[in-house]
Amino acid sequence: MDLIELVTQMPLIKDWHQAIKEHRQRQLLTGLASSAKTLAIASAYRKFKQQIIVASPNLYYANQLAEDLMQVTEDVYIFPVDEVLSAEMAFSSPEARAQRVTTLNALVANKTGIYILPAAALRKYLPTPKLWESYRFHWQIGSEINWQQLAQQLVLMGYQRESMIAKPGEFSIRGSILDIYPLTTPHPVRIELFDVEIDSIRYFDVATQRSLENLEEVTILPTTELIFSKKDLENGSIQVQELLDKRLSVTTEQTNKDFLNDYFGQLIASWKQGVPGEVAGMYADILYPEQTSILSYFQNDTLLFVDDYARILETNRQIEQEEAEWQTQKIEELRVFPEQTFGQKLQPIFQQTKFAATFFSLFQKGMGNIRFEAIHNFQYRPMQQFFGQMGLLKAEMDRWEKQNQTVVFLVSDEQRAQK
């Protein structure tokens with residue numbers, strides 16, 4: 001019997017699992033923190049083996065929880081989004097983009113797992129699952145490639161065309177050879193065609209151009225979660241033109257008029273050519289008319305775990321305040337429009353969710369006006385430190401045994417266990 005199995009045997013955990021089984025829409029678990037909470041989440045995943053969303057207050061806590069959960073299961077996905085909109089818009093690390101792309105790919109493939117979403121991730125506008133699915137390629141030797149459309153499809157997937165590739169996110173086409181460097185493969189991929197059929201697929205070294213490994217198949221995913229169809233870009237260019245005309249009608253200074261015409265004129269021209277460009281993310285609300293969130297990617301029987309609701313609401317207040325300041329600044333810089341929005345409202349997501357939801361909170365206070373169908377109060381406290389004093393440890397262990405407690409030791413290896 002391992003630790004998760006042991007936790008699953010606890011009466012309160014059993015009651016909670018039973019209530020999930022009975023499709024109780026809203027439950028509250030109080031008193032659990034840090035690793036105790038991690039084990040409770042892991043016990044539910046092992047019991048129900050379905051998609052679980054863990055909504056976390058911010059990226060820092062989301063990363064901590066992901067690290068903790070990865071100690072007990074491999075099926076952990078994270079969708080990292082920075083709470084500070086200005087940082088998120090200005091720079092997105094390749095690692096964060098790769099994690100987001102991997103998570104969306106797992107979701108469209110209906111993979112079970114624990115999906116950790118910081119508050120900012122729940123607010124983010126995304127393409128529809130159908131659009132996302134149409135912009136990923138799975139190629140095998142013998143697959144046919146539409147060579148005419150390929151370059152534009154890769155540009156829409158966020159790749160940059162170069163004469164020679166040097167880093168992730170680039171591709172080049174020379175004759176019947178495609179070199180491409182996805183964010184999610186260990187090396188760049190070289191695909192050679194015979195007419196329109198794939199003749200060979202292999203990893204190669206960017207520096208030496210030498211082949212490293214022959215492959216039978218490869219999956220090419222976008223370089224970003226923000227992918228746009230040609231139709232999105234065409235419709236977006238019309239909407240931006242309308243917003244631009246409205247803005248120009250109330251702009252008096254000629255220099256501002258010239259800047260607006262120049263900046264948005266280039267943007268509109270680029271979109272009409274089917275090129276999203278680097279700043280497309282600032283106009284996701286315009287380019288995604290359906291304003292889809294990541295929750296649309298989950299199965300209906302997904303379990304939603306809300307980790308520290310009060311803190312999520314506090315984070316949301318900070319996000320909205322910072323977002324308003326950022327938008328004001330960008331309006332002054334003539335780069336966005338007053339009519340734009342930059343994320344979903346968070347509170348309705350939790351109050352109107354279609355998923356069976358469990359809220360984790362240290363205390364019952366601060367839960368707003370949410371009504372619960374079941375409340376499970378846990379008594380939990382962190383373990384005291386013994387600093388190698390085995391006599392003190394032994395005395396405590398005897399005391400716990402007299403109280404009919406179960407005592408579990410976690411040690412690093414077999415040798416330590418014997419000692």
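Assorted remarks:
- Protection proxy ranking, peptides 56-64, 17-25, 292-300, average beta carbon neighbours within 10 Å, highest first: 56-64, 292-300, 17-25
- Asp245/Glu290 FRET efficiency (R0 25 Å; Cβ-Cβ; nearest 0.05): 0.55
- Under the span-like rule (Cα at least 27 Å along the axis, Kyte-Doolittle mean at least -1.0), DSSP H helices of the chain: 230-249
- Packing order of peptides 373-384, 176-187, highest average first: 176-187, 373-384 (average count of other Cβ atoms within 10 Å over each peptide's residues).
- Here region 292-375 is assigned +1 on the Cβ of each Lys and Arg and -1 on the Cβ of each Asp and Glu. Its dipole about the Cα centre then comes out at about 300 debye.
- Signed unit charges on C-beta, dipole axis of region 28-79, positive-most listed residue Pro57, Ala44, Ser34: Ala44
- Computed from backbone phi with θ = phi - 60° and the Karplus coefficients 6.51, -1.76 and 1.60, the 3J(HN,Hα) list for region 207-218 is 5, 9, 6, 7, 5, 10, 7, 7, 10, 8, 7, 8 Hz; x is used for glycine and proline.
- In this calculation the C-beta distance from Glu373 to Glu192 is compared with R0 = 56 Å, giving a FRET efficiency of 0.40.
- Spacing of the two label points (7 Å from each Cα toward its C-beta) at Gln18 and Arg311, in nm: 3.1
- Dipole magnitude of region 34-127, debye to nearest 20 (Cβ charges: Lys/Arg +1, Asp/Glu -1, about Cα centre): 380
- Put simply, when 74-84, 407-417 are sorted by average Cβ atoms within 10 angstrom per residue, most first, you get 74-84, 407-417.
- Between amide H atoms placed 1.01 Å from N, distances below 5 Å from Thr358 occur with Gln27, Leu304, Phe305, Val306, all of them 5 or more places distant or on a separate chain.
- ³J(HN,Hα), Karplus 6.51/-1.76/1.60, whole Hz, each residue of region 73-84, x for Gly, Pro: 8, 7, 7, 10, 10, 10, 10, x, 9, 6, 5, 8
- Of Lys47/Lys365; Lys49/Lys354; Lys130/Lys230; Lys47/Lys354; Lys130/Lys354; Lys14/Lys419, pairs whose Cα-Cα distance is over 26 Å: Lys47/Lys365; Lys14/Lys419
- Every Cα-Cα pair in the chain was counted, and those over 39 Å apart are 34% of them.
Rule-based calculations on the coordinates, nothing more; no lab input. Just so it is clear, the model here is predicted, and its values are computed rather than measured. Note: ideal-geometry Cβ built from the backbone for every residue, glycine included; neighbour counts use all protein chains shown.
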